[in-house]
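The values are calculated or read from the model by the stated rules, or taken from the named source; none is laboratory data. If you're wondering where the values come from, they're calculated on a predicted model, not measured in any experiment. Here the Cβ is made from the backbone with ideal geometry for all residues, glycine too, and neighbour counts use every protein chain on show.
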Amino acid sequence: MWEPEIQNFGGVWGSNRGFDASQFPDRGEGIGHRHKKGAVITGFGAHVHFIKYEDFDREQKYNRPGLLWCVPDSRTGE
């Protein structure tokens, strides 16, 4: 889970089109730009981690399963 980008979806502000707490780690629903260099993400162990924008982009493109993609029964994390 990460700090999302808040956007205007047809007159309604939210973190994604489904208006729920789930996001996909991509440009459309990725981390927010509230901070100058990155955003806060949380892990399964309830720890928090500050991730830079370029590190988030690298993780979402090349590391599956990984920091952003994790589904225990899936080899790709999706």
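Among the residues of the range 29-51, are any in a loop (DSSP other than H, G, I, E, B) and at pLDDT below 75?
yes
If I ask for residues that are of a type in the set (D, E, K, R), surrounded by fewer than 14 Cβ atoms within 10 Å (Cβ to Cβ) and in contact (Cβ under 8 Å) with a residue 24 or more places away in the chain, which ones from the range 33-78 would you list?
ARG34
Being touching a Ser or Thr at 6+ places or on another chain (Cβ under 9 Å) and among the β-branched types (Val, Ile, Thr) is the filter here; which residues of the range 25-60 pass it?
VAL48
Could you please let me know if PRO25 is in a loop (DSSP other than H, G, I, E, B), surrounded by 15 or more Cβ atoms within 10 Å (Cβ to Cβ) and modelled with pLDDT under 85? Step through it out loud before you land on a result.
Working: in a loop (DSSP other than H, G, I, E, B): yes; surrounded by 15 or more Cβ atoms within 10 Å (Cβ to Cβ): yes; modelled with pLDDT under 85: yes.
Against the criterion (in a loop (DSSP other than H, G, I, E, B), surrounded by 15 or more Cβ atoms within 10 Å (Cβ to Cβ) and modelled with pLDDT under 85), PRO25 qualifies.
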